[in-house]
């Protein structure tokens, strides 16, 4: 039976890992304890959601994650993490309530990170998103999204590149859906204390038209047929930039991100821009974050971008404001306010959408 082209990346990975490693006798052999680095967190949240003429909801939620990075061999790490939240690809939150039921845990990360050569890392498995996001904006990817497949990141001087091939939906009947993504960019020093990062990217899904929306069949703003199948393909190009400097002796960022789906003629664009001041990492430090975002219905696949903004998905616009304060080392207080509008593609008419989140977070590493 001929080898499927889908299996070639995995075969190449196995062959490369089979090459003998060069021994380094100058270092003492690490113990098994030295090979592991543990990390985890617990976040408690009070949330209020107000959707004009539909509902006002208040709830308590939590998120917990715990995992480790293990040194497998020279330049090869294994990362494993479990998290609350069940199988939702863009949320690890769980609600309090529901009769004290036992809450779900699932595998959040399970991947290999191979530092193949200077500046080149190869990832395989269910991994942290390797694609660059200016200002960490959730225009295209939610911060909790961990794609599955094989990817590579490369840095050389001022240049960087990211690429990946991911399995999105395996189907017993019909062709599978894949995501292929690539980015190239530069990081330039501006004066003595500033830096500009800018680049372009492209990501394309296969076999979307005529298939049910990914995860639970919810379009979340994307255009679907009367039988709830995707109407369009999604092959989206992006431009992004981030400027880092100092303001009032604090880290300061200005950033912007623009996307356009080349497979549709309307409702095809999205953009986000904002600022970030401060970095809340140690006791007493504060961080302020603001973005404005406008994401049309079919600019991106709605399943995978922000799960909170505008109720999650596309077809929304508005502001997101965040504040974070380190009460003590490893203990943070935070708040997020979203003042959004949901456009008519999702609800039939435009509605105001407001969301307030108040958080206490405990960190372990």
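A short reminder: the numbers here are calculations on the coordinates, not readings from a lab. Everything quoted here is computed from the prediction, not taken from an experiment. Using ideal geometry, Cβ is built from the backbone for each residue, glycine included, and neighbour counts are taken over all protein chains shown.
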- Message: I'd like the distance between the alpha-carbon centres of segment 37-66 and segment 99-119, rounded to an integer number of Å.
- Response: 20 Å
- Gain on full stretching of the segment that runs from residue 200 to residue 136 - 0.36 nm per residue minus C-alpha separation: 21.5 nm
- Tell me the label-point distance for the pair residue 250, residue 118, using the 7 Å Cα-to-Cβ offset, in nm and rounded to one decimal. 3.9 nm
- Using a basic spin-label model with each label point 7 Å from the Cα along Cα→Cβ, how many nm lie between residue 281 and residue 101? 4.0 nm
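Rg to Rh ratio, segment 216-339, alpha-carbon atoms and Kirkwood radius? Write down the numbers at each step before the final one.
Numbers: Rg = 17.5 Å, Rh = 16.2 Å.
Answer for segment 216-339: 1.08.
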- Query: R0 = 22 Å: FRET efficiency of residue 231 with residue 175, Cβ-based, nearest 0.05?
  - Reply: 0.80
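Can you tell me, using C-alpha contacts under 8 Å and at least 6 residues apart, the relative contact order of the chain as a whole percent?
13 percent
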- Binning every alpha carbon pair distance of segment 114-192 at 10 Å from zero, what are the percents per bin? 16, 42, 30, 9, 2, 0
- Message: Full-extension gain between residue 352 and residue 159, please, as 0.36 nm times their residue separation minus the C-alpha to C-alpha distance.
- Response: 65.3 nm
- Spacing of the two label points (7 Å from each Cα toward its C-beta) at residue 327 and residue 128, in nm: 2.6 nm
- Query: What length, rounded to one decimal in nm, is gained on full extension from residue 82 through to residue 36, with 0.36 nm per residue of separation minus their alpha-carbon distance?
  - Reply: 15.0 nm
- Query: Per the Kirkwood formula on distinct C-alpha pairs, the Rh of segment 306-365 is how many angstrom?
  - Reply: 12.9 Å
- Item | Relative contact order (percent, whole number), segment 163-257, Cα cutoff 8 Å, 6+ residue spacing | 23 percent
- Item | Two-decimal ratio, segment 94-155, of alpha-carbon radius of gyration to 2.2 N^0.38 Å | 1.51
- Write down the radius of gyration of segment 113-364 and its Dmax, each obtained from C-alpha positions, in Å. 19.0, 59
- Query: Is it possible to state the helix-based mean residue ellipticity at 222 nm for the chain, with each DSSP H run of 4+ residues giving -39500 (n - 2.57), the sum divided by total residues, to the nearest 500 deg cm²/dmol? What is it?
  - Reply: -1000 deg cm²/dmol
- Item | segment 154-270: proportion of alpha-carbon pairs further apart than 19 angstrom, % | 59 percent
- Message: Suppose we look only past 21 Å in the calculated P(r) of segment 64-173. What percent of the Cα-Cα pairs does that tail hold?
- Response: 47 percent
- Task: Would you mind telling me which residue in 78, 166, 36 has the biggest mean-square fluctuation in a Gaussian network model of the chain, where springs connect alpha carbons within a distance under 10 angstrom?
- Result: 36
